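The structure under discussion appears below in the form of structure tokens.
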Amino acid sequence: MPLPAVRFDNSYARELPGFYVAWKPDPVPAPRLLYLNVPLAEELGLDATGLAGPEGAALFAGNLLPEGAEPIAQAYAGHQFGGFSPQLGDGRALLLGEIVDRHGHRRDLAFKGSGRTPFSRGGDGKAAIGPMLREVLISEAMHALGIPTTRALAVAATGEQVFREQALPGAVLTRVAASHIRVGTFQFFAARGEHDHVRRLAEYAIARHDPALAGAPDRFLALLDAVVHRQASLVAQWMNVGFIHGVMNTDNMTLSGETIDYGPCAFLEAYDPGTVFSSIDHEGRYAFGRQPQIAHWNLARFAECLVPLIDDEQEHAVARANEVLGRFPALHRAGLLQGQRAKLGLRATDPPDPAQDADDAALADDWLALLQRESVDFTLAWRHLADAAEGRDGVLRALFADPQAPQAWLARWRARCGHEHVQAGNRAEAMRRASPRIIPRHHRVEAALDAASETGDLVPFRRLLDALRRPFDDDPSLDEFAQPAPRELTAAYRTFCGT
Ligand code: AMP
Ligand code: MG
């Protein structure tokens, strides 16, 4: 049977020879489709019905290449936990090609777990079902929360085993991204002194992500500025839903501003900025509260790559790059406050009022300090603050060991709300659109993945996915998914890089 048509237009392969190695996915013994993202397939203009059959399984496992695909392993470098690795690259991934979606946006289609490549180093190039379904759950949750992210189009079981601490069933994930250009892609060429390549990559990135800058005299500095803006906004959005990326290496930071690389990520339960779940992050480099600083640090590494393009005179180029980089903290704080105001049920003042901004930021900070002191669930506290806006404090107070603890803060918040003439019900509704009820809770995620991986039972995965796609929904049938994980479980929870 013919494969459903995919209309590829592979600009990266065409325009950037020397930036990748053409390579083929490994054939696998027994492809079986575990997951197909039908709404995403439709958005991409793909024939979801055709892809749901055996041809789809063969395609998404890497056994049948659709016409027009030009699989390549992309070269990149990266700072991992602060140390520079000059050569990482797609060691278990392949970019199949690009398609232009129904909205006219160019999207990458890439495999993860499709076998060894010239960049594999010691790795086997493979992936297991559990971590690939985990990427589906968390990335779909992020998407439903309105946060820029790569998406998962499909997961196919391969019918072969992969060997980690134990033998696990193998799988291939198909990832969709605005692009796979990373800070580390620039670093790969900059570290080799190949400034011409850095320039070509920058021109390509501008054409793809910031076309309004094309041809402008200061476009490389403007590209830096655009990426600084996107990352400041992205990380602010993470902070406002309690997302911990877990491995913010520079190879895991995109120019597009999408969240990428769902390895050891997890959501906060009780609020504590020091929270770390990753089994290898011994020093807490990528702890929840450090994410803005780390993003800023990564952007400085990006800026270093661009310096030779910004100005012939190095000192001048560095000064200009630093000025742009220096905007990050304020941009991030502004993004954070914008989200926090929505969660507090407050509006921004018009025109902007720095004194009011400072007051509102302090109100949010003090709320978070209270949650930390009382070890309160981050998601539920924000969510039930909306009830308090309607005068129902009971559920919120019950989250605190001492129900009197939020008293003073609530009085202050109510006084602030009183400055705005907004009907209580409308305020509460708006707050519920800003603070989710349902996030991927550890115990739910692990139970769903264990069932899928150990017994092939996909029902818990599908139910959880359905709940995560409706994070703001008060539907009582989703109540069980809103419950925090047991504290003992969270205290001992460890996540892995998915290798
Ligand atoms: P990640 O932790 O997914 O960001 O990966 C970091 C680097 O390790 C990238 O270059 C990956 O391609 C590579 N890598 C991760 N897992 C494997 C694997 N199983 N086989 C080969 N390379 C891998
Ligand atoms: Mg990575």
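Coordinate-derived values only; no laboratory data. Owing to the predicted nature of the structure, the values given are computational and were not obtained by experimental measurement. Counting neighbours? That spans all protein chains shown, and the Cβs are built from the backbone with ideal geometry, glycine included.
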Sketch the reach of a paramagnetic label on Ala451 as a point 7 Å from Cα along Cα-to-Cβ, and name the residues of region 115-138 whose backbone nitrogen lies under 20 Å away. 129-138
For Lys126, list the lysines whose Cα falls under 27 Å from its own Cα; do not include residues on the same chain fewer than 8 positions away. Lys24, Lys112
About its Cα centre, the chain carries a charge dipole, from +1 on Lys and Arg Cβ atoms and -1 on Asp and Glu Cβ atoms, whose size in debye to the nearest 20 is 320 debye
Based on Cβ point charges of +1 for Lys and Arg and -1 for Asp and Glu, what charge dipole magnitude is obtained for region 323-366 about its Cα centre, in debye rounded to the nearest 20? 220 debye
Selected from Leu363, Ser375, Ala411, residue furthest toward positive end of dipole (region 359-444; charges at beta carbon): Ser375
Electrostatic dipole magnitude of region 11-180 [Cβ: Lys, Arg +1; Asp, Glu -1; Cα centre; debye, to 20]: 400 debye
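Going by a ≥ b ≥ c, the root eigenvalues of the Cα gyration tensor, does the chain fall in the rounded group (a/c under 1.5), the prolate group (a/b larger than b/c) or the oblate group?
Working: a/c = 1.84, a/b = 1.25, b/c = 1.48.
Cα axes put the chain in the oblate bin.
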Spin-label proximity, Arg199 to region 293-332 - amide N less than 20 Å from point 7 Å beyond Cα toward beta carbon: 302-321
Once you order the gyration tensor axes a ≥ b ≥ c over the Cα atoms, which shape class does region 11-180 get: rounded for a/c under 1.5, otherwise prolate or oblate by comparing a/b with b/c? rounded
Enumerate the helices in the chain for which the Kyte-Doolittle hydropathy averages 0.5 or more and the C-alpha atoms extend at least 27 Å along the helix's axis, using complete DSSP H runs. 219-241
Starting from the 7 Å offset along Cα-to-Cβ, what nm value, one decimal, do you get for the label separation of Ala222 and Ala369? 4.3 nm
Alpha-carbon centroids, region 336-357 and region 1-77: separation in whole Å: 44 Å
Which of the listed residues, Ala334, Leu478, Ala226, is farthest toward the dipole's positive end in the chain, when Lys, Arg count +1 and Asp, Glu count -1 at the beta-carbon? Leu478
